[in-house]
Amino acid sequence: MTSRTSALVDAVPLYDRLDDVIVLDATVDRRTAPDGGGKVFVSGLGLHTERRVPGAHFADLVAGFSDPAAPFPFTCPSPSRIAAQARGLGIREDSTVVVYDRLTGAWAARLWWVLRAAGITRVHVLNGGLTAWEAAGLPVTDGREPAPAPGNVVARPAADGFVDLGRMKRIADGSDPTPAVCALRRSEYLGAPDQPRSGHIPRTTSLPYADLLGPGNTLTRERTARLARAHGIRAGDGTVLYCGGAVNAAGLALALHEIGIDDVFLYDGSLAQWRADPALPLVVGPGEDDVTVGRG
């Protein structure tokens, strides 16, 4: 479907191999909170059943591939939970999996990262997601697929793919020199003086995941390589990526993987955890080492 080293799959080659792969829809639905006080994330199952790739199963990032006991959304779950969810979707040791969503690809990238960190590595992402699929004139369907035969895949602890709050505090106070990059949109990174607990973690720079996306929310190696060079992101640095809930950060990790930068880590708690503690500092405005680069 793609070169051996790429995690991205294009729509038409995927269509030609639908019978050979497990296709997962990782869409999450974002709605207004009942009290009108902001946005909440809920299962995307309703959207999945309205319109999906034929043969695709729904992978629930909200209640399935996240820790239900964690205080913050989208926290990476235990290996046993990852394995149980993956097996329920029919994933076997020899399965090839392709994940997509109907937005920017960040939800799909989050599932790709969680599975990859847990040692389930034969996973790809549909470049451009459902938008690219439909733009190619490929068929869609509705409803749900029958439950697949249970898989037998195993999962290892995913901790090696993530850093915790303690590590992030050391980066923020300068005792850990590891570079860290925020994948939120530039306006969210900058924050505003009149918005309590807005801004970014000290000593971190900005490379919005959205800036990497081309037409149809697709990723290209050329665009990613140009922006990574401009922001000084290099293989060998062990860069930490974060955002609001380690979702756009996963999209950035996927893009960097495509240009050979694999030694990155996600701060899983991201700003959801950081902002929840009023004792932790936030910077409003550009940081000392921040770089501003146009999309171009």
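Values in this text are rule-based calculations from the coordinates and carry no lab data. None of these values were measured; they are calculated from a predicted model. Positions of Cβ are backbone-derived with ideal geometry, glycine not excepted, and every protein chain shown enters the neighbour counts.
Quick notes
- Under 13 Å, Cβ to Cβ, from Gln195 - net charge with Lys/Arg +1 and Asp/Glu -1: 0
- Region 1-155 shape via C-alpha gyration tensor axes, a/c threshold 1.5: oblate
- Taking the average, over residues, of other Cβ atoms within 10 Å as the packing measure, peptides 273-286, 16-29, 68-81, 106-119 rank 106-119, 16-29, 68-81, 273-286 from highest down.
- Prolate/oblate/rounded call for region 64-215, Cα gyration tensor, a/c under 1.5 rounded: oblate
- Each label was represented as a point 7 Å from its Cα along the Cα-to-Cβ direction; for Ala136 and Thr96 these points are 1.3 nm apart.
- 10 Å Cβ shell holding at most 13 others, DSSP loop, GluC sites (Glu not before Pro): longest site-free stretch of the chain: 94-287
- For region 50-103: rounded, prolate or oblate by the Cα gyration tensor [a/c cutoff 1.5]: oblate
- Between Ala230 and Thr5, residue separation times 0.36 nm minus the direct Cα-Cα distance comes to 78.6 nm.
- Computed [θ] at 222 nm, deg cm²/dmol, the chain (DSSP H ≥ 4; -39,500 (n - 2.57); rounded to nearest 500): -7500 deg cm²/dmol
- In the chain, the longest principal axis of the Cα atoms and the axis of helix 221-230 are about 10 degrees apart.
- The charge dipole of the chain, taken about its Cα centre with unit charges on the Cβ atoms of Lys, Arg (+1), Asp and Glu (-1) only, comes to about 120 debye.
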